[in-house]
1. Which ordering of 304, 176 is given by a fewest-first count of other beta-carbon atoms within 10 Å?
2. Given bins 10 angstrom wide, list per bin the percent of all Cα-Cα distances in region 290-367, short to long.
3. Take every DSSP beta bridge with both residues inside the chain and express the antiparallel ones as a percent of the total, to the nearest 5.
4. Pop the C-beta distance of residue 9 and residue 36 into the FRET formula with R0 = 25 Å and round what comes out to the nearest 0.05.
5. Would you mind checking the tilt of helix 209-220 against the longest principal axis of the Cα atoms of the chain, expressed as 0 to 90 degrees and rounded to 10?
6. Compute a Gaussian network model of the chain, connecting alpha carbons closer than 10 Å, and tell me which residue from 165, 340, 221 fluctuates the most.
7. Averaged across orientations, what area in nm² does the convex hull of the alpha carbons in region 1-88 project?
8. For q values of 0.32 Å⁻¹, compute log₁₀ I(q)/I(0) with the Debye formula on a Cα-only model of region 273-327, without solvent.
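Taken together, the values in this text are just the output of simple stated rules run on the coordinates, not laboratory data. Worth saying up front: this structure is predicted, and the values here are computed from it rather than measured. Here the Cβ positions follow ideal geometry from the backbone for every residue, glycine too, while neighbour counts run over all protein chains shown.
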Ligand code: G6P
């Protein structure tokens, strides 16, 4: 039947609240109930001998792919080439024998991503697609579909599909790592448990709307915003900047925090808020010193962090949103949620058409 807003003001608000469900259902479908091991369908190639993979997508799905690159390279030891579909389509890079192309798309209909699918199929690559709409054109043309179970996503700006995509990518990483013999059973068990705990951590994050709203008041007054992240949280900074642009029409840019000093630091003044995605993982100290540099130049620092990070950030940050402690492996999934909430709260303050932002379409089926 007709999909309603269930009492929420916007589909985006409703869909933000569905993150825990989208992650949970997606993982449940691929969790063996007896062993609690993540089990994906048989691949149309042998992951143990896979020489390399290409990842491609558009928009938010591309940033999910960027997180996937970090995981697949660092955990599954698989070399990755990644690019946005509209570029990859015409780049004509050499492809390996027996390679894999990993496509990510909520709709399964995005013209650029479909264009790459057809190009790489001609190059004999095996096509594996991570899709929310499995009965779609990409679904039909792929060698293997890995379904997300996010449910219909109505808001033009993607929310729950993103964390569902990441959940599939994380499961794929663990499966490949196991088959490539680069992870032992105990490491796999620990990482799997971190993933399976995520729906409850995500449910706790829903209580942060109020804290995010305070931060949103600063952002709503800005003309330009800088999002900073490092390592695996860099794509989450990119997702945050994209979401803010899409629905609040405020200009935002994401930068790798370490790259700040090579250019964008010249933009910093009190009118350009700096939003940091800063869980207290291995790169935290480096991010902290980048933020201190920004603060010293008059920047207003806003940060998403955990309790441990908050202790170190409290001197320099004007507002902190404090998330539950999670392992670095799953941090990008959890941190996505408040970063998307921020864009939503800013859009509310700006009074924009949140679910149907100007000039955008849910699924771009023309080139
Ligand atoms: C559009 C939407 C984005 C989405 C992108 C890719 O541009 O506005 O939110 O991320 O398409 O869509 P797909 O369906 O391929 O994930």
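1. Ranking 304, 176 by Cβ neighbours within 10 Å, fewest first, gives 176, 304.
2. Cα pair-distance distribution for region 290-367, in percent: 15, 33, 31, 18, 4.
3. Close to 5 percent.
4. 0.10
5. Helix 209-220 and the main axis of the chain meet at about 70 degrees.
6. Looking only at 165, 340, 221, the biggest GNM fluctuation is shown by 221.
7. Value for region 1-88: 9.1 nm².
8. One equal scatterer on each Cα of region 273-327 leads to -1.45.
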